[in-house]
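Novice: To start, I am sharing the structure in question, which I have written as structure tokens.
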Amino acid sequence: MNRRDFIESSAIAAGAVTLSLGCSLRVPPVTDQTSHRPWPLPKSRWVMFMRWHDLLFLHWPIRPEYIRPLIPTELELDTFDGWCWIGIVPFHMSGVRPRYVPLPLALPELNVRTYVKTAGKNGVWFFSLDAASWIAVRVARWLGLPYYDARIKVKSAEDTIRYDSVRTHKNSPRAEFRAEYRPTGAVYRATAGTLDHWLTERYCLFAALNPDRVVFGEIHHPPWALQPAEVNLGANTMAQSTGIHLPEQKPMAHFARLQEVVAWPIVPLERMMPAINVGDM
């Protein structure tokens, strides 16, 4: 069984267990809007669709010298006014499925990130991604992404989201996160050149489950519809589990209600996919 067959069969099994069978194959025209991208869409067809819900972007500034030892030498740190930023992003997903597979998966996810660049592409470096889905974690780790099992509860009441996550992955550093958050202002789209834009408008990812194998993937989505966020932050040892000590200051906080996303295959860094014009899709 090749990699694509394995991913698709895994998604089918997960969807059959977790969600109803009445899902349509129709996918929103996510790739119709591309003028905001910093580079053209990838050459090949996307392979995965997903919806992200109730995202909280928490960010802390940190000196580059504290981050550099944690990032592979193949990648350059991406900084804003000389600072690196550490992000913690809780959210939940729905409609997660490979292309042409009508059985989606839903799961909550929590990631720890910073920002890097190489070969003209500025993206997200994932230190860790915790998820409450056994099958999603296994498939992602097989692809080389640092996913971990977690027990995650997400509750919402009116505009307030309560997020509670404890890592349960065997032989992994303990990590937990608890927060209540809600949007507090009008929806806006960040302006290019601002810190808000720099932190959120990212269209590729880098990660390494094995230090000797850095992987890369392209994604696409419409521009973020952001809102300011109010956060009551409880336990938070997510960054500490990766060897990062966050500064003792209030983080920047942004909220996004919904984002529809398509993704391309995860590949070794040396095989970064060529890009072409949108008209060739």
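Novice: Defining a contact as two alpha carbons under 8 Å apart and six or more residues distant in sequence, what relative contact order in percent does the chain show?
Specialist: Over the chain, the number comes to 24 percent.
Novice: Which distance in nm do the two modelled labels at ALA192 and GLU65 give, with both placed 7 Å along the Cα-to-Cβ direction?
Specialist: Output for this residue pair reads 3.5 nm.
Novice: Also: Which GluC sites (Glu not before Pro) does region 54-118 hold that lie in a coil by DSSP with at most 14 other beta carbons within 10 Å?
Specialist: Passing sites in region 54-118 are GLU74.
Novice: Hey, what do the phi angles of region 141-148 turn into as Karplus ³J(HN,Hα) couplings, whole Hz, using 6.51/-1.76/1.60 and θ = phi - 60°, x for Gly and Pro?
Specialist: 5, 4, 7, x, 9, x, 8, 9
Novice: Okay, next question. Expressed as a rounded percentage, what relative contact order does region 21-88 have, with Cα pairs under 8 Å and six or more residues apart?
Specialist: 30 percent
Novice: May I ask you to compute the full-extension gain from ASP32 to THR168, defined as 0.36 nm times their residue separation minus their alpha-carbon distance, rounded to one decimal in nm?
Specialist: Gain in length upon complete extension: 45.0 nm.
Novice: Please list, or write none, the lysines whose alpha carbon is within less than 30 Å of the alpha carbon of LYS155, excluding same-chain residues fewer than 8 places away.
Specialist: Leaving aside lysines fewer than 8 places away in the same chain, those within reach of LYS155 are LYS170, LYS250.
Novice: Considering only DSSP beta bridges with both partners in the chain, what is the antiparallel share in %, to the nearest 5?
Specialist: Antiparallel bridges: around 95 percent, rounded to the nearest 5.
Novice: Among all stretches of the chain without exposed trypsin sites (Lys or Arg not before Pro) (DSSP loop, at most 10 other Cβ atoms within 10 Å), which one is longest?
Specialist: Between the exposed loop sites, the longest stretch runs 27-169.
Novice: Now, a different point. Expressed in nm to one decimal, what extension gain is obtained for the pair ARG45 and GLN240 from 0.36 nm per residue of sequence separation less their Cα-Cα distance?
Specialist: Once the chain is fully extended between ARG45 and GLN240, it gains 66.5 nm.
Novice: When we measure straight from the Cα of LYS121, which lysines land under 27 angstrom away, once same-chain ones fewer than 8 places off are left out?
Specialist: Of all the lysines, those that pass the test against LYS121 - Cα under 27 Å, at least 8 places apart if same chain - are LYS43.
Novice: Calculated FRET efficiency, SER94 and LEU233, Cβ-Cβ r, R0 25 Å, to nearest 0.05?
Specialist: Calculated value: 0.50.
Novice: Using alpha carbons only, how many angstrom separate the centre of region 162-238 from the centre of region 59-116?
Specialist: 6 Å
Novice: Hey, got the dipole for region 191-281? About the Cα centre, +1 on K and R Cβ, -1 on D and E Cβ, debye to the nearest 20?
Specialist: 120 debye
Values quoted throughout were computed directly from the atomic coordinates according to the rules given, and no laboratory measurement underlies them. Note that the structure is a prediction, hence the values are computed from the model and not measured. Using ideal geometry, Cβ is built from the backbone for each residue, glycine included, and neighbour counts are taken over all protein chains shown.
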